[in-house]
Amino acid sequence: MASDFRHHTLPNGLTVVAEPNPEAHTAALGFFVKTGARDEDAPVMGVSHFLEHMMFKGTSRRSADDVNREFDEIGANYNAFTSHEQTVYYAHILPEFLPRAVDLLGDILRPALRESDFDMEKNVILEEIGMYDDRPTWRLQDTLIERYFADHPLGFRVLGTKQTVSDLTATQMRDYFSQRYASDNVVVSAVGKFDFDTLIADIEKIAGHWEPSGATRRYESPSIAAREHTMHDPNVTRHYIGLLCPGPSAQDENRYAAKVLSDVLGDSEGSRIYWALVEPGLADEADFSFMPQDRLGCYLGYASCDPDRAEQVEALLIKTIDTAVNNLTDDEVERAKNKLATSATLQGESPRGRMTSIGSTWSYLGEHLPLEEELARVMAVTSDDIRRLFADGEFSPKTVLRLGPG
């Protein structure tokens, strides 16, 4: 992409990062708030996700209907999502509608938070929690994360629990909003066809009056240990296996070697786990992935199978993971790097994909990484780099969770 990098910090601490590209046909904009489930206190678990919903319920200038109608009027591809570490609001539009998108996104990030909207939306959140509780894979994942991180906030459920959401008050939400949605805890990312100086002026107009709060993130270390747990549910017909173990953080240069290794092991097609479990028909699904987080990181393994094959599949899944580094080949590493490079390039060719990348990178690292540099770092990984990553041992300690029929 024919783009350059621009960076600006408003007097109130809000940061803008951008890659203007005069050859693009669209523009993408995102507001990245450095807050998620790990930044909550246990009694208000789920407030970050609940608050994301409330952003679309209207402001002092717009009703909820106005918000939806105006996004539709500019033909925006827009949405929001909440994770353990960030909440992101974005829109992908034609370049001529970027000023309106800035005004819309900036306005909804100062929501009315009316009591009546809060009470109504609480029922929606409780229904969403119930829906995910009915999905075995989501129940497995939530419980696995809870067990792995023990009492650490990264073990909190992004949606919260029925109890914490039911008990949450609008006052608690407003207090959380004031602290976490402050100007100095927000990064605005933009990519595509636009004039950077005009963009800054538009952002200054909508967000220049936001107040900083000095919001920080706690970085205590979790109590990681080998743990096993089995759950039974008579309504489940398949057997599900999940495991977590430590990996490099989002700031660790070893993250590139970890990405390559996880692709060798657990890509959806052509990986070792695929050939060991899925291709011979032992498991209907199986994968392995790397999840870099803020100053922490982990690997996630997963498989689902017929209950009669549960022990065989689990043993083979763990064996395939634990022996991966011992007999790693240069050909496997090269194939994995090529796939990762292709995926990153395809994402980088889209303004929305590139906007997401530079916004997240700045939120985690406080720096800009050109796409070419990201690709170079991936392609520079060697088999020896991966072996050095595991010089101190295999994937351990592991938390293993099973969910099967009663």
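A short reminder: the numbers here are calculations on the coordinates, not readings from a lab. Computed from a predicted model, the values in this text were never measured in an experiment. Cβ sites come from the backbone with ideal geometry, for glycine too, and all protein chains shown count toward neighbours.
When a/c is below 1.5 the answer is rounded, else prolate if a/b is larger than b/c, else oblate, so apply that to the chain with a ≥ b ≥ c taken from the square roots of the Cα gyration tensor eigenvalues.
Numbers: a/c = 1.99, a/b = 1.33, b/c = 1.50.
Oblate, because a/c is 1.5 or more while a/b does not exceed b/c.
Straight distance only, please: which lysines reach the Cα of LYS122 with their own Cα at less than 16 Å, same-chain residues fewer than 8 apart left out?
Excluding near neighbours in sequence, the set is LYS57, LYS162.
Treat every Asp and Glu Cβ in region 156-223 as -1 and every Lys and Arg Cβ as +1, leave all other atoms uncharged, and give the resulting dipole magnitude about the Cα centre to the nearest 20 debye.
Rounded to the nearest 20 debye, it is 420 debye.
Which of the peptides 211-218, 183-190 is most tightly packed, and how do the rest follow, judged by the mean count of other Cβ atoms within 10 Å per residue? Show your work: numbers first, answer last.
Details: 211-218: 12.8, 183-190: 23.8.
So the order, starting with the most tightly packed, is 183-190, 211-218.
Evaluate the distance, in nm, between pseudo-label points positioned 7 Å from the Cα of GLU115 and of MET131 along their respective Cα→Cβ axes.
That separation, rounded to one decimal, is 2.9 nm.
For region 250-257, in order, what is each residue's ³J(HN,Hα) by Karplus, 6.51 cos²θ - 1.76 cosθ + 1.60 with θ = phi - 60°, in whole Hz (x at glycine and Pro)?
For region 250-257, the Karplus-derived couplings read 5, 9, 7, 4, 5, 4, 6, 5 Hz, x marking Gly and Pro.
Got a sec? Charge dipole of the chain, +1 on Cβ for Lys and Arg, -1 for Asp and Glu; which of GLN347, ALA170, LEU113 is way out at the positive end?
Comparing the listed Cα positions along the dipole, ALA170 ranks first.
What dipole magnitude, in Debye to the nearest 20, does region 6-207 give about its Cα centre under +1 on Lys/Arg Cβ and -1 on Asp/Glu Cβ? Write down the numbers at each step before the final one.
On the way: 20 positive and 33 negative charges, 41 e Å.
Magnitude of the dipole: close to 200 debye.
Provide the FRET efficiency to the nearest 0.05 for the LYS319-ARG295 pair, computing r from the beta carbons and using R0 = 30 Å.
Step by step, r from the Cβ atoms, then E = 0.45.
Using 0.36 nm per residue of separation minus the Cα-Cα distance, give me the extension gain between MET379 and GLU23 in nm, one decimal.
125.4 nm
Name the residue farthest towards the positive end of the dipole of the chain from the options ALA257, CYS305, PRO43, assuming +1 on Cβ of Lys and Arg, -1 on Cβ of Asp and Glu, about the Cα centre.
Final value for the positive-end residue is PRO43.
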